[in-house]
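Beneath this line is the structure, given in structure tokens, with notes to follow.
The values are calculated or read from the model by the stated rules, or taken from the named source; none is laboratory data. Predicted model only: the values in this text are computed from it and were never measured. Heads up, the Cβs are rebuilt from the backbone with ideal geometry, glycines too, and the neighbour counts pull from every protein chain shown.
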Amino acid sequence: MAVNSKQVPWSYRKGSSPLHKLPAGFKLFFLFLLSLAAFFPGPEIISLAVIASTAFILLVFSFIAGIGPMALLRGSSPLFFAILAVFFFQAAEFSPPGINLTGLKESIVFCARIAAAFAAGSLLFSVTTPGEIRKSLSRLETFLHLKKLKPSLSISLMLGFLPRFFEIWEDVNLAWKSRAGKKSLSRLVILVPLVIERLMIKAADTASAMESRGA
């Protein structure tokens with residue numbers, strides 16, 4: 001079942017924006033730093049300021065790329081649902097019944113961190129093709145004299161599976177909806193193993209293809 005690439009999270013979107021034209025290596029490095037910044041472990045006020053600054057930068061970049069901020073978070077709802085469920089369970093107090101507000105606040109802040117990192121990754125793959133990333137890593141590999149170890153191949157394959165996950169997820173999720181499936185916990189329980197299975201098959205096929213080419 002085919003999925004429209006324009007709707008798939010973390011998929012490349014053709015364009016001629018300044019972000020599209022930037023070197024892939026620079027985008028990879030900068031957006032990786034933004035992802036790390038979202039998890040800055042300093043005092044609470046400083047951490048919140050860093051998260052807000054990161055979110056603002058991503059917001060501006062999303063408009064520059066012609067994508068829009070909401071598109072950067074597409075596909076993240078199952079992730080946040082699982083995170084909030086875990087943290088809510090940890091924040092719940094049973095004797096006496098109630099909610100630990102400190103734990104609940106921590107869960108909200110953690111979700112904000114995850115959202116920033118997710119959006120940074122989504123922006124990277126929206127304006128950069130896997131081929132561009134591979135070429136950039138290959139140049140760095142040559143500069144560092146690491147061609148025998150081929151780290152660029154391993155890293156590019158690993159990064160390539162990130163958008164592939166969302167492509168498969170959208171595919172199976174569309175099939176779920178076409179069979180009148182509802183958004184519930186059972187959807188995650190059923191669909192996640194299917195997605196993992198397809199990813200494992202894809203990885204095996206990729207490994208076989210590389211071996212046949214002597215890689």
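Looking at the stretch 179-203, which of its residues are exposed (fewer than 13 other Cβ atoms within 10 Å of the Cβ) and in a helix (DSSP H, G or I)?
The first filter runs over the stretch 179-203 and keeps only residues exposed (fewer than 13 other Cβ atoms within 10 Å of the Cβ), leaving 179-180, 182, 184-186, 189, 193, 196-197, 200-201.
Passing the criteria: Leu185, Ser186, Val189, Pro193, Ile196, Glu197, Met200, Ile201.
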So which of Ala120, Ala204 is under 30 Å from Ala52 (Cα atoms) and of a type in the set (A, V, I, L, M)? Ala120
Checked the stretch 173-190 for anything under 18 Å from the mean Cα position of the chain (by Cα) and modelled with pLDDT of 75 or more; matches are Asn173
Any residue in the stretch 170-178 that is loosely packed, with under 13 Cβ neighbours inside 10 Å, within 30 Å of Val86 (Cα to Cα) and either charged (D, E, K, R) or in contact with a helix residue (DSSP H, G or I) (Cβ under 7 Å, 6 or more places away or on another chain) (or both)? yes
What are the residue pairs meeting all of these: first residue in the stretch 177-204, first residue over 24 Å from Leu162 (Cβ atoms), second residue in a helix (DSSP H, G or I), Cβ atoms under 7 Å, and 6 or more apart or on different chains? Gly181/Arg187
Would you mind listing the helices (runs of 4 or more DSSP H) fully within the stretch 1-119 where at least 3 residues are surrounded by 13 or more Cβ atoms within 10 Å (Cβ to Cβ) and modelled with pLDDT under 80? 77-91
Within the stretch 41-49, identify whether any single residue is closer than 24 Å to Glu167 by Cβ and in contact (Cβ under 8 Å) with a residue 12 or more places away in the chain, and answer yes or no. no
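Does Val60 satisfy the criteria of being touching a residue at least 40 places away in the same chain (Cβ under 8 Å) and farther than 30 Å from Thr142 by Cβ? Walk me through how you get there before you give the answer.
Numbers: touching a residue at least 40 places away in the same chain (Cβ under 8 Å): no; farther than 30 Å from Thr142 by Cβ: yes.
The answer is no for Val60.
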